[in-house]
Structure formats: C-alpha cells, structure tokens
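*Asks:* Please read through the structure below; I'll follow up with questions.
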Amino acid sequence: MTVIAGIAIAAEDFDIGQALSATKTRIELTQFIPVNGQLVPYFWKEHGGDSDEFEAAVRANGRVASLTNLDGRVDARLYRIEWNDVNGFLTALHDHDIMVEEGRTSGDGTWFFRLRAPTKEELSSFQSTCFDAGVNLDIRRVYHNPSASFGRADQLSEKQHEALLLAIRSGYFEIPRRRSQEELAADLGISRQAFSRRLKRAQNNLFKDLYWSELADT
C-alpha cells in the first residue's frame with residue numbers, strides 16, 4: 001500500500017540543509033540523479049542578491065565536491081550539487097525505495113519534504129535509518145494508499161465530495177456561473193446554507209492538503 005508522508009527536518013540535521021543554509025531565500029529541490037552510487041540533487045534558488053556569497057559558502061563546505069550554476073529564469077537559478085562525502089538523509093534516500101515528490105525551504109532553518117514510499121514498512125525503515133544517522137524527521141502528515149495526485153478527493157467526507165463534484169459538473173465555478181447555490185442545494189434536498197458549508201469545508205480541506213508545506217511555515 002503506497003504511503004505519502006509530509007515531513008519537516010531542521011536544516012542543521014542533514015547534509016543538504018547544512019550545505020545550502022547560507023541564504024534566506026527560497027530553495028526548491030527539483031530532482032535527484034543517481035551518479036556513482038550517490039544522489040545528485042538539482043535545485044532552484046530564488047534570486048535574493050546573495051548569489052555570490054551563497055555559492056562561495058556552498059563550495060566551502062567540505063562535503064561538497066562541486067556546485068554548478070546550470071541555468072536561470074526570471075526569479076531563480078538552477079544548480080546541481082555533487083558530493084565528496086554524504087551520510088544521513090541522502091544515504092537513506094539512496095538505500096531505500098523512497099521518492100522525493102517535493103523538497104523546499106524558505107531559508108528559516110527548516111526544510112519540508114513530501115515523500116512517497118511503496119509501503120508503510122519502507123517508510124518506517126527509512127525513518128529508522130535517518131534516526132540512527134542523527135537525522136530527526138518530524139512527520140507532519142501521512143496518507144495511506146493515496147491516488148496518483150496530491151490534494152485529493154479522499155481527504156473529503158462523502159457529503160463534501162458530493163457537493164464539490166456537483167458544483168464542478170454544474171458550472172458553479174465558471175464565469176459567469178451556470179447554476180446558483182440555491183439550485184445545487186435543491187438538487188441535494190438540503191438548504192442553501194447547508195450546501196454552502198459543505199462546499200467551503202471541501203475547498204478548505206483540499207487547499208490545506210495541497211499547500212500543507214507552506215501552511216506548516218506559519
């Protein structure tokens with residue numbers, strides 16, 4: 001049974017966090033490429049006026065073999081980082097069947113990850129390996145047997161799912177609206193107020209699920 005976990009890690013507790021800590025701007029991991037038995041991370045760093053200092057600090061880290069500035073866009077630069085020596089989090093990722101679906105930090109000393117594991121046992125084994133290496137994972141959210149997407153209807157109650165699906169199919173969210181809340185409520189045999197509550201709770205649950213890592217910052 002597939003498991004998705006939302007976790008937080010203090011930057012000082014793991015290799016990537018330590019190496020990339022010399023900035024207060026947002027960093028987003030984009031992918032990991034296995035090279036010579038190691039995982040090579042690619043990441044976007046937002047522009048913040050500190051790029052030269054950031055690059056110098058990363059290259060001065062004894063574990064970092066190289067930092068390559070690959071590309072840029074209006075708001076960020078793409079980097080690749082290779083290692084002389086790693087342990088802890090990156091080694092645990094390499095040794096376990098764990099997929100990183102999201103990894104990010106806002107430069108506040110905490111990283112947020114969304115991890116996918118094929119089973120809860122594999123996730124538990126990964127957590128134990130990290131703990132033994134001194135990497136403390138703060139598991140914030142766990143979803144068992146999720147669908148392929150994140151931000152899913154399985155986070156809704158049956159009534160919330162019914163209300164949201166009806167609203168979408170009926171063009172309630174289109175501009176202009178094709179049907180009103182009163183009409184949709186009548187379809188379900190409930191009051192407009194009851195329909196409105198179900199719809200708002202459904203949206204709230206989905207948005208919290210989709211933006212869990214940003215909300216964890218607050």
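The values are calculated or read from the model by the stated rules, or taken from the named source; none is laboratory data. Predicted, not measured: the structure shown is a model, and the values here were computed from it. Note: ideal-geometry Cβ built from the backbone for every residue, glycine included; neighbour counts use all protein chains shown.
*Asks:* Here is a list of conditions, (1) within 17 Å of residue 9 (Cα to Cα); (2) surrounded by 14 or more Cβ atoms within 10 Å (Cβ to Cβ), and residue 81 meets all of them except one; can you say which number that is?
*Replies:* Only one criterion in (1) within 17 Å of residue 9 (Cα to Cα); (2) surrounded by 14 or more Cβ atoms within 10 Å (Cβ to Cβ) is unmet by residue 81, namely (1).
*Asks:* Given the criterion at pLDDT below 90 and surrounded by 14 or more Cβ atoms within 10 Å (Cβ to Cβ), identify the matching residue among 202, 185, 167.
*Replies:* On the way: 185 fails: at pLDDT below 90; 167 fails: at pLDDT below 90.
Selected residue: 202, the only one of 202, 185, 167 that is at pLDDT below 90 and surrounded by 14 or more Cβ atoms within 10 Å (Cβ to Cβ).
*Asks:* Out of (1) touching a helix residue (DSSP H, G or I) at 6+ places or on another chain (Cβ under 7 Å); (2) of a type outside the set (A, V, I, L, M, F, W, C); (3) free of Cβ contacts under 8 Å to residues at least 24 places away in the same chain, what's the single condition that is false for residue 41?
*Replies:* Answer for residue 41: the failing condition is (3).
*Asks:* For segment 77-106, which positions are modelled with pLDDT under 90, of a type in the set (A, V, I, L, M) and in a strand (DSSP E or B)?
*Replies:* Within segment 77-106, no residue meets the criteria.
*Asks:* Specify which of the listed residues (57, 22) is surrounded by 14 or more Cβ atoms within 10 Å (Cβ to Cβ) and within 24 Å of residue 138 (Cα to Cα).
*Replies:* Details: 57 fails: within 24 Å of residue 138 (Cα to Cα).
Residue meeting the stated conditions: 22.
*Asks:* Could you please find all residues in segment 90-109 being under 13 Å from the mean Cα position of the chain (by Cα), surrounded by fewer than 21 Cβ atoms within 10 Å (Cβ to Cβ) and touching a residue at least 24 places away in the same chain (Cβ under 8 Å)? Before you say what the answer is, go through the steps one by one.
*Replies:* Of the residues in segment 90-109, the ones under 13 Å from the mean Cα position of the chain (by Cα) are 99-106.
If we keep only those that are surrounded by fewer than 21 Cβ atoms within 10 Å (Cβ to Cβ) as well, we get 99-102, 104, 106.
Result: 100, 101, 102, 104, 106.
*Asks:* Can residue 66 be described as more than 16 Å from residue 42 (Cβ to Cβ) and small (Gly, Ala, Ser)?
*Replies:* Working: more than 16 Å from residue 42 (Cβ to Cβ): no; small (Gly, Ala, Ser): yes.
No; evaluated as a whole, the condition is false for this residue.
*Asks:* When segment 38-65 is examined, which residues are found to be farther than 13 Å from residue 82 by Cβ, part of a helix (DSSP H, G or I) and among the charged types (D, E, K, R)?
*Replies:* Just the residues of segment 38-65 that are farther than 13 Å from residue 82 by Cβ, to begin with: 44-57, 60, 62.
Now restrict to residues that are part of a helix (DSSP H, G or I): 51-57, 60.
Hits for segment 38-65 are 52, 53, 55.
*Asks:* What single numbered condition from (1) over 22 Å from the mean Cα position of the chain (by Cα); (2) closer than 22 Å to residue 136 by Cβ; (3) at pLDDT 90 or above fails to hold for residue 68?
*Replies:* That leaves (2) as the condition not met.
*Asks:* Considering (1) assigned to a strand (DSSP E or B); (2) touching a Lys or Arg at 6+ places or on another chain (Cβ under 7 Å); (3) at pLDDT below 90, say which one residue 31 fails and leave the rest.
*Replies:* Among (1) assigned to a strand (DSSP E or B); (2) touching a Lys or Arg at 6+ places or on another chain (Cβ under 7 Å); (3) at pLDDT below 90, the lone unmet condition for residue 31 is (2).
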